[in-house]
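**Q** One structure coming up, written as structure tokens, with questions to follow.
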């Protein structure tokens, strides 16, 4: 188990991480999700031991690792641009972390071949390299140099280099961001399968909420150097703890509509359901706002984007012109732009946030747990 | 005992960068300081003590007409070498650049030929020049004799010797400048010539002045500074061919440093010569760094 | 359009002939017998290829020793230059530590200092330690190559930092990263620097003239001068043969690796 306790990191006056606490349970796939510049890569480097926190503690199985180097922590890491050694073959790339661990200075030199013990170690090493290469289906590439590989193949080699030893934690820094869209979808599934097969603890950094939702068992959303919310993908989607999390999670950006200053729901959405009497921001996901002949919301259609499985509608509220996003099934007969459209939603899909702090206010009927 | 991690990291930095920094200070900056101090003394190698003499050494080098020879000769040498070497380098580069389009292989061979003197050992080549320039048996004077002319004593004529040395200096440095100009020419986008042609500059001469020359500006400045600093450093040919003679007519700064310092052991005087030489080089290298800086900004 | 092209081509050829003249004459004389050399008539080619001059150059002088000295000195200088410059350049490019900007500033300042400026104090220092007239005197003054530090720092600075992070995660120490990852990747810069360094020190006369007095320690240029001064001009053939043998390594090296040579020497222009 890896515990991060109240970690902060600042460079001069800029505070990149601000009191981050997070627990990575053994064998779990945790995603660290946030926009670029939110500090998630810095956090990963702190866990790896490539950087050191200004304050706070990192515990591996209860042991403070502040004094340990990355190799002493026995972390494995996959980098965004793969960071393969260009002058070594694929096999040498994968073997390097093992060789550094298992062979002495002599063993790594050409002279090492003279010693039977070294020869034996080298043989097991070659076997381990081969095994992981088979796992990732890159055996035919072992003799090549990284420059001769495609992006997807380099990705696999980088994974193999990280997997070849038995690491305490597996750190992945946006490993799919350099792949094309189709390969990215395919690699998602493979990474999940790999996680299941190896049973390692995964910490996966990404800015792509769809990627995090698709792969992770738990997601930690990071915004401005702080952890905004930790939870399962479903929990984050259904009960976002803040406006910002709500805005970050979901395929279509959520509608955030301010209510009247004296409190209660915005008039356009107020269709009889009860609401707290304080200033609110109401969140309503586009996928939950759909055309309905008798719906309470009256909008005027600006544009329609047909996406195959869904149509995304851009509208303005008839009452005050507030822009809204909604969705419709693909077979919905879209009227011309400028037409009036009535929309409906289910009250339980409304997310209520405190207007001043952006924090969630439990819906009536929803048990009041946020995290 | 295990050291604290920040101590270990600090130690690593020290082990990585420390030795180089130490030898750099010891072998470059400390000597520069010492030479500056010595230039105000009458110190002689091997002497037990020295006297402060203020600006006397500098006065002897800069004010005394006899002592000024080394500086004057160096500047003369540079004044001949710099423009000639640069313009020849540019001409050869333009010629080769044009030739590359029609005869790439021949152009490559010629480029190698022109660059050859830059890599060759100058002392050995100077000895070869000595044979070519021999007053009676040399190739040059024999050729002149065959044409009915009497060849001069290239290396022992007081008026001629600095020109002869400069010619060898030019022979040696044209290839270096050519290479830099070739790179500069290759970097000029061809569409600029098309644009110039549309604007009416379609004759070679016009094309050169409207496109080539302005585009080569930064390269030319760099070449000028490199040629200048290497002209100020002229030593090998002088030491091999004339040893500053005849009658100090080819005495130059670096040779004077060598002779005063290490033949006559007048360390104080030689240090002042060194500082004058250093000032001259600094003037031009500082300029070079200004140029490099602006180039980096453009990228 | 054809006439100007022909003219420029002709001028290029004439220029090339002038450039080659001393090389040609040196080789030509090195094959000539004395009676061929000391005639008032002009013979462009030797009557026959005579190797006697080469045999004489090798037997009557220590030419082989000079070439060996040159090799030892150049190799010694280059090895120490790399040993000092490469780790420092790596630290400057890929690590953050206090004094980093100061060290880099020193390097830039050091680029402005021609070697000649440091000669007198270096001589004093070496003399104090009794090192004058040793190999050490020929090597030590050059081991701090600010040019090398600068060149390698620039090369390391453009390498992705993640590569070195990956190496740290893989368990390499910083020194292992320097020599197993960073240095092999900087091979183009290393080649350029190596050529620059070897050419500069093989051809140097200034410092060997100062630092050594014993002919046994002469580097090739110094050796040529010993030879010439001793033979006082009446043994031109062997002298030219010796000159050919001294120039040959640089010329052959250049012809074999033109691109690398030109890049290395051209980069040397950065140094004052």
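**Q** Would you pick out the residues in the stretch C:165-182 that are in a helix (DSSP H, G or I), within 9 Å of chain A (Cβ to nearest Cβ) and surrounded by fewer than 23 Cβ atoms within 10 Å (Cβ to Cβ)?
**A** Step one: of the stretch C:165-182, the residues in a helix (DSSP H, G or I) are C:165-169, C:174-182.
From what is left, the residues that are within 9 Å of chain A (Cβ to nearest Cβ) are C:165-169, C:176, C:180-181.
Scanning the stretch C:165-182 gives C:165, C:168, C:176, C:180.
**Q** Being on the phi > 0 side of the Ramachandran plot, in contact with a helix residue (DSSP H, G or I) (Cβ under 6 Å, 6 or more places away or on another chain) and modelled with pLDDT under 85 is true for just one of A:321, A:365, A:358. Which residue is that? Write out each step before concluding.
**A** Numbers: A:321 fails: in contact with a helix residue (DSSP H, G or I) (Cβ under 6 Å, 6 or more places away or on another chain); A:365 fails: in contact with a helix residue (DSSP H, G or I) (Cβ under 6 Å, 6 or more places away or on another chain).
Answer to the check: A:358.
**Q** The conditions are (1) part of a helix (DSSP H, G or I); (2) at pLDDT below 85; (3) surrounded by fewer than 17 Cβ atoms within 10 Å (Cβ to Cβ), and residue B:211 fails exactly one of them. Which is it?
**A** (3)
**Q** What's the number of the condition residue C:208 fails, among (1) in contact (Cβ under 8 Å) with a residue 40 or more places away in the chain; (2) under 30 Å from residue B:287 (Cβ atoms)?
**A** Result: residue C:208 fails condition (2) only.
**Q** Can I ask one more? Quick check on the stretch A:101-131: of everything there that is outside any helix (DSSP H, G or I) and touching a helix residue (DSSP H, G or I) at 6+ places or on another chain (Cβ under 9 Å), which residue is nearest to residue A:143 (Cα to Cα)? Spell out the reasoning first.
**A** Initial filter on the stretch A:101-131 (outside any helix (DSSP H, G or I)): A:103-104, A:109, A:115.
Cutting the leftovers down to touching a helix residue (DSSP H, G or I) at 6+ places or on another chain (Cβ under 9 Å) gives us A:103-104, A:115.
Values: A:103: 21, A:104: 24, A:115: 25 Å.
Only one residue tops the list, namely A:103.
**Q** Determine which member of the set B:112, B:128 is facing chain C (nearest Cβ under 7 Å) and buried (at least 24 other Cβ atoms within 10 Å of the Cβ).
**A** Step by step, each of B:112, B:128 is checked, and only B:128 is facing chain C (nearest Cβ under 7 Å) and buried (at least 24 other Cβ atoms within 10 Å of the Cβ).
**Q** Within the bounds of the stretch B:110-123, is there any residue that is farther than 30 Å from residue C:63 by Cβ and part of a helix (DSSP H, G or I)?
**A** Residues of the stretch B:110-123 that are farther than 30 Å from residue C:63 by Cβ, as a first pass: B:110-111.
Then drop every residue that is not part of a helix (DSSP H, G or I), which leaves B:110-111.
The answer is yes; a qualifying residue exists.
**Q** Of A:84, A:141, which residue is in contact with a helix residue (DSSP H, G or I) (Cβ under 9 Å, 6 or more places away or on another chain), away from chain C (no Cβ under 14 Å), within 22 Å of residue C:160 (Cβ to Cβ) and crowded, with 19+ Cβ neighbours inside 10 Å? First the steps, then the outcome.
**A** Working: A:84 fails: away from chain C (no Cβ under 14 Å).
None of the others qualify; the one that does is A:141.
**Q** Which of the numbered conditions does residue C:162 fail, given that it passes all the others? Conditions: (1) under 30 Å from residue C:239 (Cβ atoms); (2) free of Cβ contacts under 8 Å to residues at least 12 places away in the same chain; (3) crowded, with 16+ Cβ neighbours inside 10 Å.
**A** (1)
**Q** On to the next question. Here are some residues: C:252, C:236. Which one is modelled with pLDDT of 90 or more and out of contact with any strand residue (DSSP E or B) (no Cβ under 6 Å at 6 or more places or on another chain)?
**A** On the way: C:236 fails: modelled with pLDDT of 90 or more.
Exactly one of C:252, C:236 is modelled with pLDDT of 90 or more and out of contact with any strand residue (DSSP E or B) (no Cβ under 6 Å at 6 or more places or on another chain), namely C:252.
Yes/no matrix, rows are residues, columns are (1) outside any loop (DSSP other than H, G, I, E, B); (2) buried (at least 19 other Cβ atoms within 10 Å of the Cβ); (3) modelled with pLDDT of 90 or more:
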residue: C:50; (1), (2), (3): no, no, no
residue: C:53; (1), (2), (3): yes, yes, no
residue: C:59; (1), (2), (3): yes, no, no
residue: C:78; (1), (2), (3): yes, yes, yes
residue: C:85; (1), (2), (3): yes, yes, yes
residue: C:96; (1), (2), (3): no, no, no
residue: C:107; (1), (2), (3): yes, yes, yes
residue: C:117; (1), (2), (3): yes, yes, yes
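**Q** Can I ask one more? Give the stretch B:129-141 a look and list any residue that's assigned to a helix (DSSP H, G or I) and farther than 11 Å from residue C:25 by Cβ, or say none.
**A** Start the filter on the stretch B:129-141 by keeping residues that are assigned to a helix (DSSP H, G or I), which leaves B:129-132, B:139-141.
Selection gives B:141 alone.
**Q** Would it be correct to say that residue A:98 is crowded, with 19+ Cβ neighbours inside 10 Å, touching a strand residue (DSSP E or B) at 6+ places or on another chain (Cβ under 9 Å) and assigned to a helix (DSSP H, G or I)? Let's see the steps before the verdict.
**A** Details: crowded, with 19+ Cβ neighbours inside 10 Å: yes; touching a strand residue (DSSP E or B) at 6+ places or on another chain (Cβ under 9 Å): no; assigned to a helix (DSSP H, G or I): yes.
The answer is no for residue A:98.
**Q** Restricting attention to the stretch A:295-345, which residues are under 22 Å from residue A:275 (Cα atoms) and exposed (fewer than 11 other Cβ atoms within 10 Å of the Cβ)?
**A** A:320
**Q** Checking the condition surrounded by 23 or more Cβ atoms within 10 Å (Cβ to Cβ) and either closer than 22 Å to residue C:107 by Cα or more than 10 Å from every other protein chain (Cβ to nearest Cβ) (or both), which residue from C:195, C:132 passes? Give the steps one after another, and end with the answer.
**A** Numbers: C:132 fails: surrounded by 23 or more Cβ atoms within 10 Å (Cβ to Cβ).
After applying the criteria, what remains is C:195.
**Q** Hey, among A:64, A:18, A:51, which residue is away from chain C (no Cβ under 14 Å), in contact (Cβ under 8 Å) with a residue 40 or more places away in the chain and either surrounded by fewer than 16 Cβ atoms within 10 Å (Cβ to Cβ) or farther than 26 Å from residue A:194 by Cβ (or both)?
**A** Numbers: A:64 fails: in contact (Cβ under 8 Å) with a residue 40 or more places away in the chain; A:51 fails: away from chain C (no Cβ under 14 Å).
Going through A:64, A:18, A:51 in turn, the sole match is A:18.
**Q** Going through A:75, A:90 one at a time, which residue ends up being more than 9 Å from chain C (Cβ to nearest Cβ), modelled with pLDDT of 85 or more and touching a helix residue (DSSP H, G or I) at 6+ places or on another chain (Cβ under 8 Å)?
**A** Working: A:75 fails: more than 9 Å from chain C (Cβ to nearest Cβ).
Just one listed residue meets the conditions, A:90.
**Q** Also: Is it fair to say residue A:35 is in contact with a strand residue (DSSP E or B) (Cβ under 9 Å, 6 or more places away or on another chain), assigned to a loop (DSSP other than H, G, I, E, B) and exposed (fewer than 15 other Cβ atoms within 10 Å of the Cβ)? Please lay out each step first, then the result.
**A** On the way: in contact with a strand residue (DSSP E or B) (Cβ under 9 Å, 6 or more places away or on another chain): yes; assigned to a loop (DSSP other than H, G, I, E, B): yes; exposed (fewer than 15 other Cβ atoms within 10 Å of the Cβ): yes.
It is true that residue A:35 is in contact with a strand residue (DSSP E or B) (Cβ under 9 Å, 6 or more places away or on another chain), assigned to a loop (DSSP other than H, G, I, E, B) and exposed (fewer than 15 other Cβ atoms within 10 Å of the Cβ).
**Q** For the stretch C:214-266, which positions are surrounded by fewer than 18 Cβ atoms within 10 Å (Cβ to Cβ), more than 7 Å from chain B (Cβ to nearest Cβ) and part of a helix (DSSP H, G or I)?
**A** The answer is C:215, C:216, C:226, C:229, C:230, C:231, C:248, C:252, C:253, C:256, C:259, C:260.
**Q** Among the residues in the stretch B:259-278, are any part of a loop (DSSP other than H, G, I, E, B) and within 9 Å of another protein chain (Cβ to nearest Cβ)?
**A** Narrowing the stretch B:259-278 to residues part of a loop (DSSP other than H, G, I, E, B): B:264-266.
Pick out the ones that are also within 9 Å of another protein chain (Cβ to nearest Cβ) and you get none.
No; the residues of the stretch B:259-278 include none that is part of a loop (DSSP other than H, G, I, E, B) and within 9 Å of another protein chain (Cβ to nearest Cβ).
**Q** Mind checking whether some residue in the stretch B:18-36 is at pLDDT 90 or above and over 30 Å from residue B:267 (Cβ atoms)? Spell out the reasoning first.
**A** Going through the stretch B:18-36, the residues at pLDDT 90 or above turn out to be B:18-36.
Next cut, over 30 Å from residue B:267 (Cβ atoms) only: B:18.
Yes: one or more hits.
**Q** Go over the candidates B:229, B:240 one by one and state the one that is within 12 Å of chain C (Cβ to nearest Cβ) and either under 14 Å from the mean Cα position of the chain (by Cα) or within 17 Å of residue B:283 (Cβ to Cβ) (or both).
**A** Working: B:240 fails: either under 14 Å from the mean Cα position of the chain (by Cα) or within 17 Å of residue B:283 (Cβ to Cβ) (or both).
After applying the criteria, what remains is B:229.
**Q** With a cut-off of at least 1 residues that are in contact (Cβ under 8 Å) with a residue 60 or more places away in the chain and more than 14 Å from every other protein chain (Cβ to nearest Cβ), name the helices (runs of 4 or more DSSP H) lying wholly within the stretch B:1-90. Walk me through it before giving the result.
**A** Values: elements: B:5-24, B:30-38, B:56-62.
Here the list reads B:56-62.
**Q** Which count do you get for residues in the stretch B:168-207 that are crowded, with 16+ Cβ neighbours inside 10 Å and free of Cβ contacts under 8 Å to residues at least 12 places away in the same chain?
**A** Number satisfying all stated conditions: 1.
**Q** Only one residue in C:72, C:103 is in a helix (DSSP H, G or I), more than 25 Å from residue B:254 (Cβ to Cβ) and facing chain B (nearest Cβ under 8 Å), so which one is that?
**A** Working: C:72 fails: facing chain B (nearest Cβ under 8 Å).
Answer to the check: C:103.
**Q** In the stretch B:95-109, what residues are touching a residue at least 60 places away in the same chain (Cβ under 8 Å) and either within 8 Å of chain C (Cβ to nearest Cβ) or closer than 23 Å to residue C:196 by Cβ (or both)?
**A** B:96, the sole residue that qualifies.
The values are calculated or read from the model by the stated rules, or taken from the named source; none is laboratory data. These numbers were taken from a predicted model, which means no experiment stands behind them. Cβ atoms come from the backbone with ideal geometry, glycine included; neighbour counts cover every protein chain shown.
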